[in-house]
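To start, the structure under review is shown below, and the notes come after it.
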Amino acid sequence: MYCVIQKIKNKKVNSHGAAKGIKVTETKISLNNGPVKILYGYSYTEERFERPLKYSYKISIHKSYRENGKVKKKQWVICTMDYYSIAEDWTWVGDHALGLSDKLQDIGITEDELCDMVYVKLQPIIDTIMAEFEATEEFKVSEEYRAKIKEYFRVKADFEKKYGDSTYDYCYDVFGVLRNEEYLKKLKASYESYSSYHDKSYSNYNYDNNYNFSGYSKSSESTYTEEEKEYLKAIYKAAALKLHPDIKKDNGEGMKFLNKLKEEWGV
């Protein structure tokens, strides 16, 4: 039993080249009939790279056997893999094969045994295609905007740890350009107000007998892991933005309770 990989010239050009870049999108949003805000997102540009006509690779398993003294052959076509599917790292044959489990049962081999036979011959083809594709402008440009998007998500995550979920995209676009300075100022003012109130409240809880929470049990040392503490900090920040008396317009009882929890959590 052995694997055969047949190189087939494609007749049609692959029209699914990568986009040549990313662009900023704008979505107008109004919550509860409030003022309209613009949410800045991104999408891929319509212009795409043209892909030269390439090959596909037909993968089949062949078996020779004797029957009534005669040599016979049987063949099972596993799948056909396109050049650009391989170039884009879609290289597991199971992703291209229909009814693979039935084929394996008919052949009488396991999936691991199929891999052993196929990839001895397929891996050199994969290596050649990947090296060739990574030298193209399409690959280089795609890597550049993938890096840009990755950096966008990193910066966005850091920003929203401080100012709350779903805030970054109302201020900045995917390229880090400030689009709404007024809203950013409001976020910063709210954060500074919350921080100032928290510092004052924390002092009161520790030294003012009017805020004695001795009725609540608490341990002198936190038993939370560092990862769990990070979750608790995120919960605290999100809740504080909603319970701050300047936002909730109350006497601060919700904020007092939240700070009590923060102290008990040890974060």
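The values are calculated or read from the model by the stated rules, or taken from the named source; none is laboratory data. Fair warning: this is a prediction, and the values are worked out from it, not measured in the lab. A quick note on method: Cβ atoms are made from the backbone with ideal geometry, for glycine too, and the neighbour counts reach across all protein chains shown. SASA here: full protein model, heavy atoms, side chains in, ligands and nucleic acids out. Shrake-Rupley method; radii C 1.70, N 1.55, O 1.52, S 1.80 Å.
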Over what distance in Å are the Cα centres of region 13-41 and region 51-107 separated? 41 Å
How much length would be gained if the chain were fully extended between Val77 and Lys233, taking 0.36 nm per residue of separation minus their Cα-Cα distance, in nm to one decimal? 50.6 nm
Mean Cβ-within-10 Å packing, highest first, puts peptides 78-86, 116-124 in the order 78-86, 116-124
Expressed as a whole-number percentage, the relative contact order of region 18-92 with C-alpha contacts under 8 angstrom and at least six residues apart is 24 percent
Could you tell me what percent of the accessible area of the chain is made up of carbon and sulfur, with a 1.4 Å probe and every protein chain present? 50 percent
I'd like to verify something in the chain: which complete DSSP H helices, judged by Cα projection on the helix axis, reach 27 Å or more and average at least -1.0 on the Kyte-Doolittle scale? 111-133
Per residue solvent-accessible surface (Å²) - the chain, probe of 1.4 Å: 65 Å²
Of the options Val141, Asn259, Val77, report the single residue whose Cα projects farthest towards the positive end of the charge dipole of the chain (beta-carbon charges: Lys, Arg +1; Asp, Glu -1). Val77
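Let me make sure I get this right: for the chain, a, b and c are the square roots of the gyration tensor eigenvalues over alpha carbons, sorted descending. Under 1.5 in a/c it's rounded, otherwise prolate if a/b > b/c, else oblate. Which is it?
Note, shape of the chain comes out prolate.
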Relative to the Cα centre, what is the charge dipole magnitude of the chain, using +1 at the beta carbon of each Lys and Arg, -1 at the beta carbon of each Asp and Glu, and rounding to the nearest 20 debye? 920 debye
Once the dipole of region 25-119 is set up with Lys and Arg at +1 and Asp and Glu at -1 on Cβ about the Cα centre, which of Ser30, Gly41, Leu100 lies farthest towards its positive end? Leu100
Given axes a ≥ b ≥ c from the Cα gyration tensor, I'd like to know whether region 104-175 is rounded (a/c under 1.5), prolate (a/b larger than b/c) or oblate. oblate
With θ set to phi - 60°, apply the Karplus curve 6.51 cos²θ - 1.76 cosθ + 1.60 along region 16-23 and write out the HN-Hα couplings as whole Hz, x wherever there is a Gly or Pro. 9, x, 5, 5, 7, x, 10, 9
For the chain, what relative contact order do you get, as a whole percent, if you take Cα pairs closer than 8 Å and at least 6 residues apart? 15 percent
Tell me the mean residue ellipticity at 222 nm calculated for the chain from its helices only (DSSP H runs of n ≥ 4, each -39500 (n - 2.57), averaged over every residue, nearest 500). -15500 deg cm²/dmol
Quote the charge dipole size of region 81-188 about the Cα centre in Debye, to the nearest 20; the model charges only the Cβ of Lys and Arg (+1) and of Asp and Glu (-1). 1040 debye
